[in-house]
Amino acid sequence: SHRARSNGCRSSPPSRCAMVRAEHDPDAEDGPPRMTRKELRTVCREHGGYNTPEINDKLYLHYKGYQRIEGLDEFTGVRAIWLEGNGFTKLEGLSKLTELRCLYVHQNCISRIENLELCSKLTTLQISNNFIKRIEGLHALPCLQTLQIAHNSLASADDIRGLLHAPALSVVDLQHNKINDPGVVDVLDAMPQLAVVQLQGNPLLNHMHQYRRTLVSRCKALTYVDDRPVFPEDRLATEAWAWGERELGPGKGLEAEREERARQREERDAAHKRNLEYMRQITEDAQARAAQRQRDSARAPSAHALVTEAAAGGGAAQVQELPEHSSTTLYNRALAAVEAKRKEIIAKQQAQQRAQQGAGDDAAGDPAKDAAPHAGGAGPAKDVAHASAKLGSEADAAVEDPAASAAQLAVDEEDLEALD
């Protein structure tokens with residue numbers, strides 16, 4: 001240092017803030033960086049924003065070394081702004097950001113929550129790691145749902161009573177403050193929408209009796225406390241504990257909670273047994289239906305047997321009636337009816353031939369007249385025999401593929417009708 005004073009040509013190295021400032025604006029003077037118009041436009045371009053301030057909906061101004069919030073009046077369309085990691089000591093310069101939804105100002109030197117009256121649409125405020133000693137200024141934030149105010153200097157129930165001025169609050173982070181007042185439970189109990197609360201790292205947890213059970217039983221809408229969720233079974237058990245402490249006397253709450261948890265286990269076991277019984281019944285029913293189908297298939301006569309029986313019966317009137325329980329049975333019935341019809345046609349043709357033969361005996365002296373009936377009868381007899389053989393082969397094939405044979409059987413039946 002003596003050499004520096006004597007020479008007069010050396011100076012102390014530039015501060016970190018000056019280096020950051022020089023990076024964005026080489027022509028700027030030494031000193032902490034400021035949120036000037038030129039600076040803000042440069043930052044917007046670096047993060048893919050726009051040169052026109054009004055159309056930017058996000059601003060990333062974190063870890064820049066700024067000491068004052070300023071120059072934001074033109075950014076009227078901003079919905080989220082990141083200002084953490086700077087050197088702000090006061091919330092200011094946000095009055096024109098009427099569309100602001102999310103404000104992140106953690107890791108600064110702010111001591112009060114203020115100047116947010118015109119940010120009425122704000123839903124998230126992250127102001128952890130500052131020097132807040134009292135929650136205030138939330139009365140103008142009717143839409144505020146999340147407040148993160150961990151690592152500050154809150155100590156008593158009065159310090160957090162300002163939470164009641166934001167009726168829509170559902171998430172509150174109060175971790176690592178200096179809270180040591182059991183009265184904070186009364187404040188949290190008065191918040192009807194409170195679903196998530198974090199109080200880890202506060203002295204209160206070390207000496208408050210049954211802290212978690214007390215908090216869950218008092219705050220009916222809680223779904224998450226510190227690092228664990230609040231399940232419906234936990235809430236029922238906690239309410240049983242609270243009832244035991246209130247009705248049976250101090251120290252009796254744990255016994256009531258154990259009874260409630262035993263009841264829940266029995267209910268779960270009963271539900272599990274019902275599910276198993278239901279699955280077993282479904283399985284047995286399916287097996288019974290499969291066995292019944294096998295028995296029906298074993299009892300059902302084949303197509304060939306049905307055709308033979310119908311042919312032996314001598315006509316369609318004697319075709320056996322079959323149970324209507326499957327498509328195969330219906331096709332078998334159709335085959336039997338066709339075969340019966342064929343048998344009936346053959347019987348008629350034979351009767352006609354016998355009649356013609358009788359007429360031929362009477363007119364034996366006329367060979368030309370006698371030859372005509374035989375010539376006329378031989379043709380139809382040959383056609384009937386051919387149709388009969390064809391029907392027999394198709395009846396056997398119908399057993400294997402009823403659907404494919406149904407159409408052909410209909411055609412054969414029409415042929416037999418034509419022969420008739």
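Being open to solvent by less than 40 Å² (accessible area, probe 1.4 Å), among the acidic types (Asp, Glu) and closer than 24 Å to VAL197 by Cα is the filter here; which residues of the stretch 219-266 pass it?
ASP226, GLU257
What pairs come up if the first residue lies in the stretch 107-120 and is farther than 10 Å from GLU92 by Cα, the second is open to solvent by 70 Å² or more (accessible area, probe 1.4 Å) and not small (Gly, Ala, Ser), and their beta carbons are under 6 Å apart, counting only those six or more places apart or on different chains?
Sorted first by the residue in the stretch 107-120, then by its partner, the pairs are CYS109/THR89; SER111/PHE131.
Please determine whether any residue of the stretch 85-108 is farther than 21 Å from MET35 by Cα and of a type in the set (Ser, Thr, Tyr).
no
For the stretch 114-141, what are the residues that are of a type outside the set (A, V, I, L, M, F, W, C), in contact with a helix residue (DSSP H, G or I) (Cβ under 6 Å, 6 or more places away or on another chain) and either open to solvent by less than 10 Å² (accessible area, probe 1.4 Å) or closer than 12 Å to SER153 by Cβ (or both)? Working first, answer last.
Of the residues in the stretch 114-141, the ones of a type outside the set (A, V, I, L, M, F, W, C) are 114-115, 117, 120-121, 123-124, 126, 128-130, 133-134, 136-137, 139.
The next check asks that each one be in contact with a helix residue (DSSP H, G or I) (Cβ under 6 Å, 6 or more places away or on another chain); those that pass are 134, 136, 139.
Once the filter is applied, which keeps residues that are of a type outside the set (A, V, I, L, M, F, W, C), in contact with a helix residue (DSSP H, G or I) (Cβ under 6 Å, 6 or more places away or on another chain) and either open to solvent by less than 10 Å² (accessible area, probe 1.4 Å) or closer than 12 Å to SER153 by Cβ (or both), the stretch 114-141 yields only ARG134.
Counting only residues that are at pLDDT below 50, give me the helices (runs of 4 or more DSSP H) lying completely in the stretch 1-60 with at least 1 of them.
Numbers: elements: 2-7, 16-24, 37-46.
Of the helices (runs of 4 or more DSSP H) lying wholly inside the stretch 1-60, those with at least 1 residues that are at pLDDT below 50 span 2-7, 16-24.
Among the listed residues LEU141, LEU169, LEU147, LEU164, which satisfies the condition of being assigned to a helix (DSSP H, G or I) and either in contact (Cβ under 8 Å) with a residue 24 or more places away in the chain or on the phi > 0 side of the Ramachandran plot (or both)? Lay out the reasoning, then the answer.
Values: LEU141 fails: assigned to a helix (DSSP H, G or I); LEU169 fails: assigned to a helix (DSSP H, G or I); LEU147 fails: assigned to a helix (DSSP H, G or I).
Answer to the selection: LEU164.
Might you let me know whether the stretch 272-287 holds any residue that is within 34 Å of the chain's Cα centre (by Cα), part of a helix (DSSP H, G or I), at pLDDT 80 or above and under 30 Å from ARG213 (Cβ atoms)?
Taking the stretch 272-287 first, the residues within 34 Å of the chain's Cα centre (by Cα) are 272-287.
If we keep only those that are part of a helix (DSSP H, G or I) too, we end up with 272-287.
From what is left, the residues that are at pLDDT 80 or above are 272-287.
Next, from what is left, pick out any that are under 30 Å from ARG213 (Cβ atoms): 272.
Among the residues of the stretch 272-287, at least one is within 34 Å of the chain's Cα centre (by Cα), part of a helix (DSSP H, G or I), at pLDDT 80 or above and under 30 Å from ARG213 (Cβ atoms), which makes the answer yes.
Looking only at the stretch 142-185, which residues are small (Gly, Ala, Ser), touching a Ser or Thr at 6+ places or on another chain (Cβ under 9 Å) and surrounded by 17 or more Cβ atoms within 10 Å (Cβ to Cβ)?
ALA150, SER170, listed by residue number.
Within the stretch 95-141, track down each residue that is under 20 Å from VAL184 (Cβ atoms) and polar (S, T, N, Q).
Hits for the stretch 95-141 are SER128, ASN130.
The values are calculated or read from the model by the stated rules, or taken from the named source; none is laboratory data. Here the structure is a predicted model, which means the values were calculated and not measured. FYI the Cβ positions are ideal-geometry reconstructions off the backbone, even for glycines, and counts take in every protein chain you see. Quick note on the areas: whole protein, heavy atoms, side chains included, nothing else; ligands and nucleic acids left out. Shrake-Rupley method; radii C 1.70, N 1.55, O 1.52, S 1.80 Å.
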